[in-house]
Amino acid sequence: MTKTLLSALLAVLTLAAMIPTSYAVTRDEIDTLITQANGLQDEQAALDQQITAYSSGIAEALEQKAALDAEIAVIAEEVAALEAKIADCEERIYAAEDDLRQAQVKEAEKYEQFCQRVRAMEEQGRMNYWMILFHATSFADFLTRLDFVSEIMQADQRVMDDLRTLQEQIAAKREELKESHQELEAANAECQVKQAELDAQREAANQLIIELEANRAEAEADRNILTEEAERIQEEILRLSETLAREEEEARIRAEQEAAEAYRLMRERMSAELDDFVMSAGSGGYIWPVSSHRITSTFGGRASPGGIGSTNHKGIDIGGVGYGSTVHAAKGGVVIISQYSTSYGNFVVVSHGSGNTTLYAHMSSRLVEAGQAVSQGDILGLTGSTGHSTGPHLHFEITENGTRINPLIYLGSGD
Ligand SMILES: [Zn+2]
């Protein structure tokens, strides 16, 4: 019994420990996702670094551009000032040229007047300077005439001289203006070269900003994709973790229930086996039919006691029972015979199936009827000495597969 019970108990414990765990979600799957999510976080961090680098590059380029813009503004002001000066200078050159032309015209007019006068004097003869001098009547007259002529000549000469001086002054001024115009033009050209250089630098800064912004936008787009992917995986991890926890909880409850049920079954089986053990006290599942275990006649050949009874004894006789002791079914079954015969007296046969029967004879009374189901230990009748019997005892037989066998094989040797 103990061996059977132990193995049953072991089976229950093993069953409880080995509850099948075929979940829809496994811890491995979740771990894989976590590893994947960590990888994505590393990639995100790398992209964040790139984005930061691009952003600082852009900030730097913007600063550079702002500085260039300031320089360009200064240069533009310079250029504007220079252009204003140039315009002013050019106006003054034009004015000087006008003045010069006017002075030239005046000189030409004056010269023309002078020439006309000289020609008129020549034509008229008497107005000729030389004629005036030659026609002097006296030295005083000559001097007077000379003064007069020289006064006219000197006046004409002064006018001419003044005109020439003016022309020279104007020309000098014009030259001066032209010189400063040239200088201004040179400065302006220099400024414009500088401005073009700055414009080129600003354009380069703009290009750099555009490039960096494009790179940053690309990195940001990549990072957004990674972020979405990471979020998706996190959600998946959460979902799978919850599913796993739920399944583990369900499995735990199921395992508990199964273990409880297995334990209950084991306890049932244990008590049944204990009952069997108590009832049978031997193998074959038979119990003693009466409380006395005193064998007065064994199974097999013997001398017929007092000439009564079989000489080839097919059962055992159990004595020490007196009249009226209870006779119990050695095993559960169905009563197939309950009657009186001249040899067995009041006797009962119980079928245990498969051609196995037990027989109880010489009873004083029978307490069961044919067709009645009996459990092991049920009372079949009371002891007596009916039929071929020399005194109160129970004649007991066991038949297996149609052959009567020695009941003591199963019941033990008795007292
Ligand atoms: Zn007998």
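Based on the alpha-carbon set only, what is the convex hull volume of the range 130-273 divided per residue, in Å³?
Spelled out: Cα convex hull of the range 130-273, divided by residues, is 130 Å³.
I want to make sure I understand the PRE zone here: with the label point 7 angstrom from the Cα of ASP222 toward its beta carbon, which residues in the range 29-73 have backbone N atoms less than 14 Å away?
Within reach of a label on ASP222: 40-55.
Using only the Cα atoms, work out Rg/Rh for the range 285-411, with Rh taken as the Kirkwood radius, to two decimals.
0.93
Of the listed pairs LYS110/LYS173; LYS85/LYS173; LYS106/LYS173; LYS110/LYS178; LYS85/LYS194, which have alpha-carbon separations greater than 25 Å here?
LYS110/LYS178
With a point put 7 Å past each Cα toward its Cβ, work out how far ALA108 is from GLN372 in nm, to one decimal.
17.5
Taking Cα centroids, how far is the range 173-233 from the range 335-392 in Å?
Their Cα centres are 125 Å away from one another.
What lysines sit close enough to LYS331 to cross-link, taking a C-alpha to C-alpha distance under 26 Å and skipping anything fewer than 8 places away on the same chain?
LYS3, LYS314
Computed from the coordinates by the stated procedures, all read-outs in this text should not be read as laboratory data. Bear in mind that the values here come from a model prediction, so they are computed numbers and not experimental data. Here the Cβ is made from the backbone with ideal geometry for all residues, glycine too, and neighbour counts use every protein chain on show.
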